[in-house]
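Structure, as structure tokens:
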Amino acid sequence: WCCCRIFTSHIFRLAICVLSYLLMPSLFGFISASDPPPASAMSPVEPALPEVPEHAPYLLIGGGTASFAAARSIRARDPGARVLIVTDEADLPYMRPPLSKELWFSDDPSVTETLRFKQWNGKERSIYFQPPSFYVSPRELQTVENGGVAVLMDRKVTHMDVRGSKVKLSDGTEISYDKCLIATGGVPRNLQVIERAGEEVKKRTTLFRKIEDFRALEKVSRELKSITIIGGGFLGSELACALGRRSADLGLEVVQMFPEKGNMGKVLPEYLSNWTTEKVKKEGVTVLTDAVVKNVSYKDGKVQIRMKDGRVVKTDHVVAAVGLEPNVELARSAGLEVDSDFGGYRVNAELQARANIWVAGDAACFYDIKLGRRRVEHHDHAVVSGRLAGENMTGADKPYWHQSMFWSDLGPDVGYEAIGIVDSNLPTVGVFTKATAKDTPRAVTELSGTGIRSESETEAVAGAVAGAVAGAAGAPAPPPQQKEDYGKGVIFYLRDKVVVGIVLWNVFNRMPIARKIIKDGEEHADLNEVAKLFNIHDD
């Protein structure tokens, strides 16, 4: 009886197990016994990719022109490269020159949002180098097929561990790298008298550099009655002309002041600086020369600027355009050398600061084999140095031989291009002639199709004029031509009787010739003959 009872018990338990096997899947999800198990039961769920990549084969610090040029260069030589750009700005890489030039002449009321502008030739383009579709997401950079360029915005690199080949961001995140480019550019200088003036003055002062500065100043120009620009250099003069052009329509008073005797007095010879000053005045700007700021204060709803000679300017808003300081904040943590004379990171001929660290753009202090150690703050230098740094990061090992150019437009009718050392303290020889309708920034862009006059011609073009340049010596050098109407011409800057800098005044697309003259480094007895190489006398 006992054995029969035990056997019956086992049969009962077995039946329960069979029923459970058949019924349980239906009770929990209505899955038939023949259905396969869910995917989660077959493999673990893949964790979400981090927003910030842990590693970047190519890490570019800074989101400006030099960094973007390097990214394109890297991808051109290494099509599968994974490039990460880290920028503290909230924008994708963009060109800075239009911020003080063409954007101000747009008739589009939404230009501050679209950031699209018409070049002097009427063609429209965006300030951004590429649309968002050009880039990949930082989150996907490590996994996307064939690599790509990603931009990590609103993030700042605060620390570099050179030995560990990694950086730390402001939020504590770390990114390791194989090769790194520092293209941190510069930060606008401010006047100490403004920094000491208190918060009321500071919040009514613009240090012009970024898109957000353009937007803020454009808004101010429409809402306030007066703006005073401190600074007579490229940026200050361009902004003065831009604001002056719209002053009549807006009922806006525009004042420009600077310590020099004329606009761009540190660059242009005095006679041409004086002529330029008159040009700026004709744009509707009140220009105060020999103006050294002594004190700035806020009183009765106005910013009061007192000069050393006793003059006082009362204004609603101030733009401080007094130069740029190279951004070398990472020098201490990275152990990189900063040049004591020119500022910026000292680099070798290949733009290297360390074995796997390169520097390009405004922050690079490089050695020029013709002109000595230099640091250049212009668009063309950012493009070419960034491009070369990118090539060298992929193993090109090319030296930086380029003589970069820069340009400035005082509206669509007057502009100049320059190369080398253009310092008004140097002896100069100017050769001028009457301008024609085609000798303006507007006209040159109609022919070239671009508003960024940078590297439109190659070194090969310059080679074609080598013989002509070499044969330009002969008669004694003429004195500077002191004509009242400086329509177009060439200004040569001399050091030890050798041309070290050239300004092409309303003369365009001749930069390879100027570059060749400086590269040769020869003494020319008759610069009037050399000026003929630029065809300034042709109609």
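When the test is whether a residue is touching a helix residue (DSSP H, G or I) at 6+ places or on another chain (Cβ under 8 Å), exposed (fewer than 15 other Cβ atoms within 10 Å of the Cβ) and either acidic (Asp, Glu) or in a loop (DSSP other than H, G, I, E, B) (or both), residue 91 does not pass it. In summary, residue 107 fulfils each of the numbered conditions (1) of a type outside the set (Val, Ile, Thr); (2) crowded, with 17+ Cβ neighbours inside 10 Å; (3) without any contact (Cβ under 8 Å) to a residue 40 or more places away in the chain with the single exception of condition (2).
Okay, residues lined up against (1) part of a strand (DSSP E or B); (2) surrounded by 17 or more Cβ atoms within 10 Å (Cβ to Cβ); (3) touching a Leu at 6+ places or on another chain (Cβ under 6 Å):
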position	(1), (2), (3)
294	yes, no, no
298	yes, no, no
303	yes, yes, no
310	no, no, no
314	yes, no, no
328	no, yes, no
353	yes, yes, yes
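State whether the residues of the range 37-58 include one that is of a type in the set (A, V, I, L, M), within 30 Å of residue 395 (Cβ to Cβ) and at pLDDT 95 or above. Yes, the range 37-58 contains a residue that is of a type in the set (A, V, I, L, M), within 30 Å of residue 395 (Cβ to Cβ) and at pLDDT 95 or above. Taken together, the residues in the range 175-197 that are outside any strand (DSSP E or B), open to solvent by less than 40 Å² (accessible area, probe 1.4 Å) and not hydrophobic (A, V, I, L, M, F, W, C) amount to 2.
Evaluation of residue 291 against the conditions (1) more than 28 Å from residue 210 (Cβ to Cβ); (2) in contact (Cβ under 8 Å) with a residue 12 or more places away in the chain shows that the sole unmet condition is (1).
Of all residues in the range 195-210, those that are of a type in the set (S, T, N, Q) have Cβ atoms under 6 Å from Cβ atoms of residues that are surrounded by 19 or more Cβ atoms within 10 Å (Cβ to Cβ) and in a helix (DSSP H, G or I), 6 or more apart or on another chain, in 205/194; 206/217. I'd like to know if the range 265-272 contains one or more residues that are under 27 Å from the mean Cα position of the chain (by Cα), more than 26 Å from residue 420 (Cα to Cα) and crowded, with 24+ Cβ neighbours inside 10 Å. No - not one qualifying residue is present in the range 265-272.
Considered as a group, the residues in the range 169-197 that are closer than 20 Å to residue 53 by Cα and of a type in the set (D, E, K, R) include one that is nearest to the chain's Cα centre (by Cα), and that residue is 179.
Of the residues 346, 373, 332, which single one is at pLDDT below 95 and within 19 Å of residue 403 (Cα to Cα)? Explain how you work it out, then say what you get.
Numbers: 346 fails: at pLDDT below 95; 332 fails: within 19 Å of residue 403 (Cα to Cα).
Exactly one residue qualifies, and that residue is 373.
Could you tell me which numbered condition residue 113 fails, if it satisfies all but one of (1) among the charged types (D, E, K, R); (2) assigned to a helix (DSSP H, G or I); (3) touching a residue at least 24 places away in the same chain (Cβ under 8 Å)? Condition (3) is where residue 113 drops out. Only one of the numbered conditions (1) open to solvent by 20 Å² or more (accessible area, probe 1.4 Å); (2) modelled with pLDDT of 85 or more; (3) over 22 Å from the mean Cα position of the chain (by Cα) is not met by residue 434, and that is (2). Within the range 217-235, the presence of at least one residue that is closer than 19 Å to residue 99 by Cβ, under 25 Å from the mean Cα position of the chain (by Cα), without any contact (Cβ under 8 Å) to a residue 40 or more places away in the chain and in a helix (DSSP H, G or I) is confirmed. The residue that is nearest to the chain's Cα centre (by Cα), counting only those in the range 124-162 that are in a strand (DSSP E or B), at negative phi and of a type in the set (Gly, Ala, Ser), is 126. Residues of the range 504-527 that are more than 26 Å from the chain's Cα centre (by Cα) and surrounded by fewer than 18 Cβ atoms within 10 Å (Cβ to Cβ): 520, 521, 522, 523, 525, 526. Those residues that are modelled with pLDDT of 85 or more and open to solvent by 20 Å² or more (accessible area, probe 1.4 Å), I need them from the range 113-125; list them, please. Passing the criteria: 113, 114, 116, 124, 125.
Regarding the range 358-365, can at least one residue be identified that is under 25 Å from residue 521 (Cα atoms), part of a strand (DSSP E or B) and either acidic (Asp, Glu) or open to solvent by 10 Å² or more (accessible area, probe 1.4 Å) (or both)? No, there is no match, as no residue in the range 358-365 is under 25 Å from residue 521 (Cα atoms), part of a strand (DSSP E or B) and either acidic (Asp, Glu) or open to solvent by 10 Å² or more (accessible area, probe 1.4 Å) (or both).
I'd like the full set of residues that are assigned to a loop (DSSP other than H, G, I, E, B) and either under 25 Å from the mean Cα position of the chain (by Cα) or on the phi < 0 side of the Ramachandran plot (or both), limited to the range 198-207. Can you show your working first?
The initial filter retains those residues of the range 198-207 that are assigned to a loop (DSSP other than H, G, I, E, B), namely 198, 203-204, 207.
Residues satisfying the conditions are 203, 204, 207.
Of all residues in the range 236-264, which are assigned to a loop (DSSP other than H, G, I, E, B) and of a type in the set (Lys, Arg)? If the condition is that a residue be assigned to a loop (DSSP other than H, G, I, E, B) and of a type in the set (Lys, Arg), then 261 is the only one that fits. Just name the residue that is farthest from residue 192 (Cα to Cα) out of those in the range 215-233 that are among the aliphatic types (A, V, I, L, M) and buried (at least 19 other Cβ atoms within 10 Å of the Cβ). This residue is 217.
Scan the range 54-84 for residues that are assigned to a strand (DSSP E or B), open to solvent by less than 50 Å² (accessible area, probe 1.4 Å) and of a type outside the set (Ser, Thr, Tyr) and report the count. Break it down stepwise before answering.
Taking the range 54-84 first, the residues assigned to a strand (DSSP E or B) are 55-61, 82-84.
This time we only want the ones that are open to solvent by less than 50 Å² (accessible area, probe 1.4 Å), so: 56-61, 83-84.
Next cut, of a type outside the set (Ser, Thr, Tyr) only: 56-57, 59-61, 83-84.
So the answer is 7.
Tell me yes or no: at least one residue of the range 275-282 is open to solvent by less than 80 Å² (accessible area, probe 1.4 Å), closer than 24 Å to residue 237 by Cβ and outside any helix (DSSP H, G or I). First the steps, then the outcome.
To start, the set of residues in the range 275-282 that are open to solvent by less than 80 Å² (accessible area, probe 1.4 Å) comprises 275-277, 279-280.
Now drop any that are not closer than 24 Å to residue 237 by Cβ, which leaves 275-277, 279-280.
Remaining after also requiring outside any helix (DSSP H, G or I): none.
Looking through the range 275-282, none of the residues is open to solvent by less than 80 Å² (accessible area, probe 1.4 Å), closer than 24 Å to residue 237 by Cβ and outside any helix (DSSP H, G or I).
One residue stands out in the range 369-378 among those that are of a type outside the set (A, V, I, L, M) and touching a residue at least 12 places away in the same chain (Cβ under 8 Å): the one that is farthest from residue 99 (Cα to Cα), namely 370. List every residue pair whose Cβ atoms lie under 6 Å apart, where the two residues are 6 or more positions apart in sequence or sit on different chains, the first residue falls within the range 379-402 and is open to solvent by less than 20 Å² (accessible area, probe 1.4 Å), and the second residue, located anywhere, is modelled with pLDDT of 95 or more and basic (Lys, Arg). Between residues of the range 379-402 that are open to solvent by less than 20 Å² (accessible area, probe 1.4 Å) and residues that are modelled with pLDDT of 95 or more and basic (Lys, Arg), the close pairs are 393/179.
The values are calculated or read from the model by the stated rules, or taken from the named source; none is laboratory data. Since this is a predicted model, take the numbers as computed values, not measurements. Here Cβ is always computed from backbone atoms with ideal geometry, including for glycine, and neighbour counts include all displayed protein chains. Surface areas here come from the heavy atoms of the whole protein model, side chains and all, with no ligands, DNA or RNA. Shrake-Rupley method; radii C 1.70, N 1.55, O 1.52, S 1.80 Å.
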